[in-house]
Amino acid sequence: MNILIAYATYSGGTQAASEFLNQTLTGLGHTVTVKMISEVTFEDTLTYDLRVFASPSWDNDGLEGQPHMDFVTFMNNSSDKKFSGKPVAVFGLGDSSYGHFCGAVDIIEEFVKKAEGKLVTESLKIDGYLFNMDANNQLLTDWANKLKV
C-alpha cells in the first residue's frame, strides 16, 4: 500500500511519532511518504492509497484542543474538496491534563467526514508521547497493524 503520513508539529513530538509510524509501516511492507501538512495540497493526498493525518492538540486563540495551525490552514483551504470515499486515518498527541484531550483528532475527523473520507480505523489519541515513548510507540505499532484499506 502507498501511504502518506501528513503531520504538523510544534515541539517535535508529532514528527517523531510520524517517523516511528513510517518505520513500522515500511517494516510491514508498505511504501510510505512522510511530509509536513504545510507541504501538501489536498490534491496531493488523493494520489495515495491511504492518508494518515497527525497533529498535536494546542490552545489556539484561547480555544483548547485545536489542531496545529498548519492543519487549520490545510482544512480551510480544502473546505470545498472531497475525498470521495478514499481511506483516511488520524492520530494525535495530547496531554490528558487538559479538558479537551487530543481535541485536534476530533476536529480532523470531522473534516474527513465532511469531505466524504472513509476512516479506516478508530483514531489514536496518544497521551504525553515524549514522556513515555516506549509504551506510546507500542500503541503506534498496534494501531499500524489496523490500517487496512
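Taken over the stretch 76-126, residues that are farther than 18 Å from Y48 by Cβ and of a type in the set (A, V, I, L, M, F, W, C) amount to 8. Reported count of residues in the stretch 122-148, each being surrounded by 13 or more Cβ atoms within 10 Å (Cβ to Cβ) and under 15 Å from I5 (Cα atoms), is 7. Consider the stretch 72-81 and keep the residues that are in contact with a helix residue (DSSP H, G or I) (Cβ under 9 Å, 6 or more places away or on another chain) and assigned to a helix (DSSP H, G or I). The one that is surrounded by the fewest Cβ atoms within 10 Å (Cβ to Cβ) is N77. Scanning the stretch 34-58 for residues that are of a type in the set (G, A, S) and surrounded by 15 or more Cβ atoms within 10 Å (Cβ to Cβ), we see that the one that is farthest from the chain's Cα centre (by Cα) is S57. Among the residues of the stretch 59-71, just one is closer than 17 Å to M36 by Cα and surrounded by fewer than 19 Cβ atoms within 10 Å (Cβ to Cβ), namely M69.
Each residue in the stretch 42-81 was checked for being of a type in the set (A, V, I, L, M) and touching a residue at least 40 places away in the same chain (Cβ under 8 Å), and 5 of them qualify. Keeping to the stretch 21-71, report how many residues are β-branched (V, I, T), touching a strand residue (DSSP E or B) at 6+ places or on another chain (Cβ under 7 Å) and part of a helix (DSSP H, G or I). The total comes to 3. Could you say whether any residue in the stretch 3-13 is part of a loop (DSSP other than H, G, I, E, B), among the aromatic types (F, W, Y) and farther than 25 Å from Q138 by Cβ? No - not one qualifying residue is present in the stretch 3-13.
Output the residue which, of all residues in the stretch 82-112 that are of a type in the set (D, E) and without any contact (Cβ under 8 Å) to a residue 24 or more places away in the chain, is surrounded by the most Cβ atoms within 10 Å (Cβ to Cβ). Here the answer is E109.
Scanning the stretch 13-33 for residues that are of a type in the set (A, V, I, L, M), within 13 Å of the chain's Cα centre (by Cα) and surrounded by fewer than 19 Cβ atoms within 10 Å (Cβ to Cβ) turns up just one, A16.
No lab work stands behind these numbers, since they all come straight from the coordinates. No experiment lies behind these values; they were computed from the predicted model shown. Please note: Cβ atoms are built from the backbone with ideal geometry, for glycine as well, and neighbour counts cover all protein chains shown.
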